[in-house]
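The values are calculated or read from the model by the stated rules, or taken from the named source; none is laboratory data. Everything quoted here is computed from the prediction, not taken from an experiment. Positions of Cβ are backbone-derived with ideal geometry, glycine not excepted, and every protein chain shown enters the neighbour counts.
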Amino acid sequence: MALAACSRPDPLVVAGANSTEQRILAEIVARQLESSDVPVNRASPYPSLATAHQALLVRAADVAVEYTGAAWVGILHRDKPNEFSSLSGLVRAAYAGLQLKWFDTLGFDNRFVLVVRNADPPARTISDAARQAPRALAVTPEFPIRADGMQTLMSGYPGLRWASAARTEDSRALYSDLAGGRVGMVAGNAADAALDDPSFCVLEDDRHILLPEEAAIVARFDALAAHPQAEAAIAALSGRISREDMRRMIRRVETGSMSVRAVAADFLSPGQ
């Protein structure tokens, strides 16, 4: 009698949005899983965090990296909490109801930030900027469409005015235009590599309006059950990536000195 062949679980599909940071993080997660003998498929980058999340819900993907603020107000459609320190726990509990495990933070907060040139009329807070003449604004593609982006900003700073309709650009173009004076302000993210440039000033969110965006890996419970070694492999990445690490990796990719795969491999190499 022929023996029935043992079935093997499908590879885990690792998904991410189409940004430099998301592509790097997805590759780090994929390689970390492969190092624990978990088979992996890499999904093509999704247009946005929301579409990557939807892929998890419909089982087109199994693992992704998300952010606390985006998850709470954008995905879960909840009101901004009064106390930010509890946000990760709130998201974790709510995601469990979606059959998704929210792991501990990777180690960095990539919240939205408003950035100006230090050489321009002095502004140190967002409220300062709201009292000054309108500036031309450029934003990331995610900022206008995420509930934790432009919508949240304007709810807390209704006095902000722009000299023209905001232009949407990738992060490299944003900071090039800011440095060249083609715009007077950009809405970027705290882990953007360009923010190491001392000519830029990140405005203080003095009204504490913009939400924390602690990066964390999210995985389907059923996918983790199918690959018992996957949960420990993913958990081992918690707390490993600082904001400085993320900026350094983004810079290497955006300057063309290293590929996404090479940056991820270097980060995971022994001794790092």
* To do: State yes or no: is residue 195 assigned to a helix (DSSP H, G or I) and either at positive phi or of a type in the set (A, V, I, L, M, F, W, C) (or both)?
  => yes
* If you go through segment 131-141 one residue at a time, do you hit one that is surrounded by fewer than 16 Cβ atoms within 10 Å (Cβ to Cβ), outside the structural domain of residue 54 (by TED's automatic domain parsing), more than 19 Å from the chain's Cα centre (by Cα) and farther than 18 Å from residue 178 by Cα? -> yes
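Determine whether residue 187 is under 17 Å from residue 244 (Cα atoms), at pLDDT 95 or above, within 18 Å of the chain's Cα centre (by Cα) and not in a loop (DSSP other than H, G, I, E, B).
Details: under 17 Å from residue 244 (Cα atoms): no; at pLDDT 95 or above: yes; within 18 Å of the chain's Cα centre (by Cα): yes; not in a loop (DSSP other than H, G, I, E, B): yes.
It is false that residue 187 is under 17 Å from residue 244 (Cα atoms), at pLDDT 95 or above, within 18 Å of the chain's Cα centre (by Cα) and not in a loop (DSSP other than H, G, I, E, B).
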* To do: Under 9 Å between Cβ atoms, at least 6 apart or on separate chains: pull out the pairs that start in segment 63-74 with a residue that is under 16 Å from residue 153 (Cα atoms) and end on any residue that is assigned to a helix (DSSP H, G or I) and acidic (Asp, Glu).
  => 69/148; 70/148; 72/148; 73/148; 74/148
* To do: Being surrounded by 20 or more Cβ atoms within 10 Å (Cβ to Cβ) and touching a Gly at 6+ places or on another chain (Cβ under 9 Å) is the filter here, so list the residues in segment 70-83 that pass it.
  => 70, 74
* Just a yes or no: is a residue in segment 245-252 farther than 26 Å from residue 101 by Cα and among the acidic types (Asp, Glu)? -> no
